Amino acid sequence: MGRLGITEILVILAVVLLLFGGKKIPELMKGLGSGIKEFKNAAKDDQPADKKETKEETKE
């Protein structure tokens, strides 16, 4: 399976536009963006907790 070219991307975008319509696409992208942002924030919050635990273990 090869990489997606310009033609394939345009066809996919045209199909999405036909399925969802012009008014729904900004709402979908906003929801997708906020979901990705929340996921990144959750991932950031988990990392410092792991680092704190390892620092506490090394102090003991």
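The values are calculated or read from the model by the stated rules, or taken from the named source; none is laboratory data. Keep in mind that this is a model prediction, so the values were computed, not measured. Here Cβ is always computed from backbone atoms with ideal geometry, including for glycine, and neighbour counts include all displayed protein chains. The area values use the complete protein model at the heavy-atom level, side chains included, leaving out ligands, DNA and RNA. Shrake-Rupley method; radii C 1.70, N 1.55, O 1.52, S 1.80 Å.
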(message) Please go through (1) modelled with pLDDT under 90; (2) open to solvent by 70 Å² or more (accessible area, probe 1.4 Å) for Lys40 and return the number of the only condition it doesn't satisfy.
(response) (1)
(request) Considering only the stretch 1-34, state which residues are at negative phi, loosely packed, with under 10 Cβ neighbours inside 10 Å and small (Gly, Ala, Ser). (result) Gly2, Gly5, Gly22
